[in-house]
Amino acid sequence: MSDEADRRRVRRAAVHVGLLVGAASAVVVTAGVALLVAVLLLSARPELHHNGEGGGRSGPPDGDRIVVDVDRILPWVVALGLAGVALLALVAWFAARRAVAPLAGALRLQRRFVADASHEIRTPLTALTSRAQILERRYRRGEDLTDTLAALRADASVMDAVLTDMLLTAEGTATDAEPAVVEAALTAAAATVAPLAEEAGVRVRVGQGDGAGLRVRLPRVTLDRLCVALLDNAVQHTPAGGEVALSARSDGRGVAIRVRDGGTGIADADRERIFERFARGPESGRRRGFGLGLALVREAAAAAGGRIEIELTSAAGTTMLLWLPQAA
C-alpha cells in the first residue's frame, strides 16, 4: 500500500511538472512571437514604386508591399531570443524543484525515521546489554538465572515491539489497537529502565495502585515507549543515590502520568527548548543523548490528543506531566 501511494505521488508530481512546463513554454513562445510581430509592424514601412529610369524610387507607396530594415530588427530578435531563453531556464529551474520535491520529502522522512528508530531502540538495547552483563555475573557466581533470563527475553520483546510499531506507523498501516492499560505500562517501563537505573545508582519507584483500572486511547507499545523515554531521561538527570518517582492519576477526562527526577532543575530559558528535536541541555547525563527523547514524547502525545509539559522544576528536581485522553 505504501509503495503504491508513493508511485501515485510521483505520477502526480510528474503530471504537474509536465503541465507546468508545457503551459509556461506556450506562454513564453506566444509572448515572444507577439512581441516580435509588434516590432516588425512598428518598424516596417510601405515600399515605393520604381519609375524605371535612373534606378531611383518614385511614385506613391505600394500598400501591398512593406520593407523591413534588418539592421533595426536584428537587435530586437536577439534580445527577445535571449529573454526567452532566460525565462525558459527559470521555468526549467522551478519545474526541477517541483519534480524533486517528492524525493526530498522521502529523504527527509527517511532520515527522520532513522533518527527516531535509533533513539527509540537505544534505551531497550542499553538495558539489554546491562541485563546480559548481570546474567554473566550471576552465572559466574553460580546463582539462579531464571529471573534474569526472563527479564532478558522481556527486554528483547520490548525492542521488537518498538521497531514493529515504528515500522507500521511509518508505512501508514498501523491498525487501531485496544486502549492501553496504564498500570501495566508503568510497571513495564520501570522494568525496562531498571538495569540502567541500577547501574546509575538511582532508585525507580512506581506509586502503589497508580493507574489501576485506567486506560488511555493509545496503543500499549506506544504508551510503553513514552513512559520509558520519560523514565530514562529522569534517570540520566538524577545523581547517584537519588530517586525517580513514576505515578498516574485520572482527572475525569484524561490520565496524568508524572515522572519526578532528583536533578538540579531546568532553567526558564530551556523550558520549551528541551522539547525540540536534537536539543541538548548543558547537563548531558551519563550517556550520550541525541536530543530526541522529549521531542518524540511530545509528538506522540500530541498525535493522541494529549500533551507533555514541565509541571514543576526547582533545584530539588523536575516533574514532567504527560496528559493523555482517558478511554472509557
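The values are calculated or read from the model by the stated rules, or taken from the named source; none is laboratory data. For clarity, every value in this text was computed on a predicted model and none was experimentally measured. For neighbour counting, all protein chains shown are included, and Cβ atoms are generated from backbone atoms with ideal geometry for every residue, glycine included. What goes into the accessible areas is simple: the full protein's heavy atoms, side chains included, and nothing from ligands, DNA or RNA. Shrake-Rupley method; radii C 1.70, N 1.55, O 1.52, S 1.80 Å.
Here is a yes/no grid of residues against (1) loosely packed, with under 14 Cβ neighbours inside 10 Å; (2) of a type in the set (D, E, K, R); (3) at pLDDT below 75:
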{"residue": "59", "(1), (2), (3)": "yes, no, yes"}
{"residue": "79", "(1), (2), (3)": "yes, no, no"}
{"residue": "107", "(1), (2), (3)": "yes, no, yes"}
{"residue": "114", "(1), (2), (3)": "yes, no, yes"}
{"residue": "118", "(1), (2), (3)": "yes, no, yes"}
{"residue": "152", "(1), (2), (3)": "no, no, no"}
{"residue": "170", "(1), (2), (3)": "no, no, yes"}
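For residue 147, the conditions (1) modelled with pLDDT of 80 or more; (2) under 29 Å from residue 214 (Cβ atoms); (3) not in a helix (DSSP H, G or I) all hold with the exception of (3). Residues in region 225-253 that are assigned to a strand (DSSP E or B) and buried (at least 21 other Cβ atoms within 10 Å of the Cβ): 244, 246, 248.
Being closer than 30 Å to residue 17 by Cβ and modelled with pLDDT of 70 or more is the requirement here; does residue 95 meet it? Yes, satisfied. All of 221, 204 fail the test of being at pLDDT 90 or above and among the aliphatic types (A, V, I, L, M), apart from 204. In region 224-252, which residue that is of a type in the set (A, V, I, L, M, F, W, C) and over 17 Å from residue 319 (Cβ atoms) is modelled with the highest pLDDT? Result: 240.
Within region 183-213, being among the aliphatic types (A, V, I, L, M), under 25 Å from residue 164 (Cβ atoms) and surrounded by 22 or more Cβ atoms within 10 Å (Cβ to Cβ) holds for 185, 186, 189, 193, 196. Here region 302-317 is the region considered, the condition is being without any contact (Cβ under 8 Å) to a residue 24 or more places away in the chain and small (Gly, Ala, Ser), and the residue that is most open to solvent (accessible area, probe 1.4 Å) is 303.
Take the conditions among the charged types (D, E, K, R) and within 18 Å of residue 122 (Cβ to Cβ) and apply them to residue 251. Does it pass? When the stated conditions are applied, residue 251 does not pass them. All of 255, 297 fail the test of being modelled with pLDDT of 85 or more, more than 21 Å from the chain's Cα centre (by Cα) and among the β-branched types (Val, Ile, Thr), apart from 255.
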